[in-house]
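A quick write-up on the structure given underneath.
The values are calculated or read from the model by the stated rules, or taken from the named source; none is laboratory data. Computed from a predicted structure; not experimentally measured. Methodologically, a virtual Cβ is constructed for each residue, glycine included, from the backbone with ideal geometry; neighbour enumeration extends over all protein chains shown. Each accessible area value is taken on the protein alone, full model and side chains, heavy atoms only, with ligands, DNA and RNA left out. Shrake-Rupley method; radii C 1.70, N 1.55, O 1.52, S 1.80 Å.
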Amino acid sequence: MARMLGGDAAAGAEAVNEAIKLAEASPGLREDLELAPWLVMGPLFLRETGAGRSLLEQTLRTARDRAAVGALPMLLNLIARDQAATDRWAVAEATYREAIDLARESGQQTGLAFGLSGLAWLQARRGREQECRDHAAEALRLCRELGTRLQEIWAAAALGDLELGLGDAARAAVNYEHQQRLLAELAITDVDLSPAAELAEAYTRLGRDAEARAVAAAFTAGAQAKGLPWPLARALRGQGLLATDADFPALFDQAIRQHAQTLDVFETARTRLAYGERLRRARNRVLAREQLRAALDIFERLGAGPWADRANAELAATGETRMRRGPGTIDELTPQELQIALALAGGRTTRETAASMFLSPKTVEYHLRHVYQKLNIHSRDELARALAGEGR
């Protein structure tokens, strides 16, 4: 991981892959709570479909079963980060809130800063402006007190993403430039933490094309050196934004093929939106609609409000109008109700769920009644079907 953050990214990725294979083949290692954060961070660093995915839930289950309060806030934050970087945003918010509550109660200030900055980043993408700003501000205050610079980077990223989603490219650029300075101060060169892909887009929207090209070129070099699908897809998107009308389709098509090897559907939708925008401006409305519909479907499913609005506006500009979908019923559950529902739908008993969440069985039953009412269901079998695909 140190190599990936600030050295030879390709060699670091190879070492992490080897470590994951060892862990998957060694039951004793997977039960070791001291190794738990590393078992979770390995798959997070690779961001690839299939690479160590089984370790994530297995490690969290071990910590819950042992009521490991000391380990849980960090593990929950890492699991939430993974959920937020895939397609389980409602679950991610519930997991972040559980991590934040446990960190507050147990006095784990670093874990609290971690959770607050991560939740701010997720809320930015969902367009929850005031909540994002409040959580980012508290995270930044803690970062200054504790000296936890990595969380400061995430808070800056959250504010940049918020402004970009809200359509304020100038403010987004200021936050991304601050994030870049922080990374330089810490000698972190990992392209996965770089805001260059977003900064290039912000510069393009501001008409600062020369700066956008310079940022995109540096990011592309880093992504190619690392050689993993997630940064390569984002680098290709940046190239597509800046390419000529003759060249951009091939670049976006390559980006989409790279996205197919990752689990980050939000980034896939971002690329399809950018592709659709360029196609519309090139007067290819038929192909533009295809990309914009796909982007809008993903944004609506995730609950990425500002991005769905933008995709919908672009689709309307092609001459196609579509009614926006309302939020799914899962969004009507509180974070704690959702965590309880997922645990019970996954096969835990009421007592097991209560113990893992440090609640009484009566409290679990109380919340379960509200879950049934909100989802209009009457049994745990119906609950499992209602939440199918929301958690493993």
Gain in span if fully extended, residue 380 to residue 171, counting 0.36 nm per residue against the direct Cα distance: 70.5 nm
For the chain, modelled as a GNM with alpha-carbon contacts under 10 angstrom, which of 13, 84, 250 fluctuates the most? 250
Taking θ = phi - 60°, what integer Hz values does the Karplus form 6.51 cos²θ - 1.76 cosθ + 1.60 yield along segment 109-126, in sequence order, with x for Gly and Pro? 5, 5, x, 5, 4, 4, x, 5, 5, x, 5, 4, 4, 5, 5, 4, 6, 8
Expected max-MSF residue from 317, 63, 172 in the GNM of the chain (alpha carbon, under 10 Å) is 317
Identify, among 36, 235, 312, the residue whose Cα sits farthest towards the positive end of the charge dipole of the chain, taking +1 on the Cβ of Lys and Arg and -1 on the Cβ of Asp and Glu, with the dipole about the Cα centre. 312
The chain accessible area per residue, 1.4 Å probe, protein heavy atoms, integer Å², reads 43 Å²
Mind giving me the nanometre distance, one decimal, between the label points for residue 66 and residue 247, set 7 Å out from Cα along Cα→Cβ? 5.4 nm
Note the full-extension length gain between residue 217 and residue 281 as 0.36 nm times their separation in residues minus their Cα-Cα distance, in nm to one decimal. 20.7 nm
For residue 209 and residue 146, calculate 0.36 nm times their separation in residues minus their Cα-Cα distance, and state this gained length in nm to one decimal. 18.8 nm
Extending each Cα 7 Å along its Cβ direction at residue 106 and residue 3, get the distance between those two points in nm, one decimal. 3.2 nm
In nm, to one decimal, how far is the modelled label at residue 57 from the one at residue 33, with both set 7 Å along Cα→Cβ? 2.3 nm
Grab the beta carbon distance between residue 134 and residue 370, set R0 = 25 Å, and tell me the FRET efficiency rounded to 0.05. 0.45
How large is ³J(HN,Hα), in whole Hz, for each residue of segment 303-318 in order, when computed from phi with the Karplus curve 6.51 cos²θ - 1.76 cosθ + 1.60 and θ = phi - 60°, using x for Gly and Pro? x, 8, x, x, 6, 5, 4, 5, 5, 5, 5, 5, 5, 4, 5, 8
Cross-link partners among lysines for residue 374, C-alpha distance below 27 Å, same-chain residues fewer than 8 apart left out? 362
Protein accessible area in segment 103-198, 1.4 Å probe - carbon and sulfur %: 49 percent
On Cα atoms only, tilt of 129-146 relative to the major axis of the chain in degrees: 70 degrees
If you add up the charges near residue 241, with Lys and Arg at +1 and Asp and Glu at -1, over every other residue whose beta carbon is less than 12 angstrom from its beta carbon, what do you get? +2
If one builds a Gaussian network model of the chain from Cα atoms under 10 Å apart, the most fluctuating residue listed among 178, 378, 259 is 378
Show me, for segment 193-207, the HN-Hα J-couplings you get by feeding each phi into the Karplus relation (A = 6.51, B = -1.76, C = 1.60, θ = phi - 60°), rounded to Hz, glycine and proline as x. 9, 6, x, 4, 4, 6, 5, 4, 5, 4, 4, 4, 5, 8, x
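Do the sum for the chain: with -39,500 (n - 2.57) for every DSSP H run of n ≥ 4, divided by all residues, what is the mean residue ellipticity at 222 nm, to the nearest 500 deg cm²/dmol?
So the calculated ellipticity at 222 nm is -24000 deg cm²/dmol.
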What residues from segment 223-239 fall in the zone where the backbone N is under 15 Å from a label point 7 Å along the Cα-to-C-beta line of residue 10? 223-229, 232
Nearest-ten-degree value, helix 335-345 long axis tilted from longest Cα axis of the chain: 70 degrees
As I understand it, the value is the acute angle between the Cα axis of helix 149-166 and the longest principal axis of the Cα atoms of the chain; what does it come to in degrees, rounded to 10? 60 degrees
